[in-house]
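Asker: Got a structure for you, questions after.
Quick note: the coordinates plus some simple rules give every number you see, no bench work behind them. Treat the numbers as computed from the prediction; the structure is a model and nothing was measured. All Cβ positions, even for glycine, are placed from backbone atoms using ideal geometry, and neighbour counts span all protein chains on display.
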Amino acid sequence: MVKVKIINEVLGSPKDHVEKTLKLLMDAARRNKDFKINSEKIFEARKLEDNPFFSAFTELEIEFKDLQDLIGFCFDFMPSSIEILEPGELKMDSIRGSDLFNELMARLHQNDMALKNALAELAILKKKR
């Protein structure tokens with residue numbers, strides 16, 4: 001079990017869009033069965049100084065079965081900050097470490113491919129103009 005404190009932030013405009021997006025993010029997190037949310041605090045969107053954007057965030061304490069589930073959460077929810085609360089020390093054998101990093105690399109490659117496909121589609125759309 002890995003217990004963490006996570007901060008998720010949403011930045012944008014207008015204020016109600018930021019708040020709705022944060023609500024959707026929290027609804028998705030609450031429905032997820034890969035982890036358990038022990039506590040949550042939701043902070044109201046506030047206007048940032050010297051720019052037109054608003055920021056809203058949540059502070060969550062979550063329990064994950066293992067580090068692999070935590071990494072999955074990071075890719076799915078893109079938290080701003082993670083603090084590992086428990087265990088105080090993380091140990092793993094080389095096979096488990098290899099599995100963990102291979103899963104991480106697979107997710108990175110998946111995201112890279114999605115970005116490359118989106119950029120290619122954008123280039124095609126620009127040529128059609």
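Asker: Could you give me the ³J(HN,Hα) list for the range 86-98, computed from phi with Karplus coefficients 6.51, -1.76, 1.60 and θ = phi - 60°, whole Hz, x at Gly and Pro?
Answerer: These are the phi-based 3J(HN,Hα) values: 9, x, x, 9, 9, 10, 7, 7, 5, 5, 5, x, 4 Hz.
Asker: Separate question: Which length gain, in nm to one decimal place, applies between Glu89 and Lys3 when the Cα-Cα distance is subtracted from 0.36 nm times their residue separation?
Answerer: 29.8 nm
Asker: Explain nothing, just the number: dipole magnitude of the chain about its Cα centre with +1 on each Lys and Arg Cβ and -1 on each Asp and Glu Cβ, in debye rounded to the nearest 20.
Answerer: So the magnitude is around 780 debye.
Asker: Can you pull the three principal axis extents for the Cα set of the range 24-86, in Å, largest first?
Answerer: 41, 19, 19
Asker: Among Met1, Thr21, Phe101, whose Cα lies farthest out toward the positive end of the dipole of the chain, if unit charges sit on the beta carbon of Lys, Arg (+1) and Asp, Glu (-1)?
Answerer: The one lying farthest along the dipole's positive direction is Thr21.
Asker: Could you order peptides 20-26, 84-90 by the average number of other Cβ atoms within 10 Å of their residues, highest first?
Answerer: Ranked by mean Cβ neighbours within 10 Å, highest first: 20-26, 84-90.
Asker: Further question: How much length, in nm to one decimal, is gained on full extension between Arg129 and Thr21, taken as 0.36 nm per residue of separation minus their Cα-Cα distance?
Answerer: 35.7 nm
Asker: Among the listed pairs Lys20/Lys65; Lys5/Lys33; Lys36/Lys116; Lys5/Lys91; Lys20/Lys128; Lys5/Lys116, give every one whose C-alpha distance is greater than 23 Å.
Answerer: Check vs 23 Å cut-off fails for Lys20/Lys65; Lys36/Lys116; Lys20/Lys128; Lys5/Lys116.
Asker: Using 0.36 nm per residue, how much length does the chain from Arg46 to Ile82 gain when fully extended, once their Cα-Cα distance is taken away?
Answerer: 10.8 nm
Asker: What does the C-alpha gyration tensor say about the overall shape of the chain? Classify as rounded when a/c is under 1.5, otherwise prolate if a/b is larger than b/c, or oblate.
Answerer: oblate
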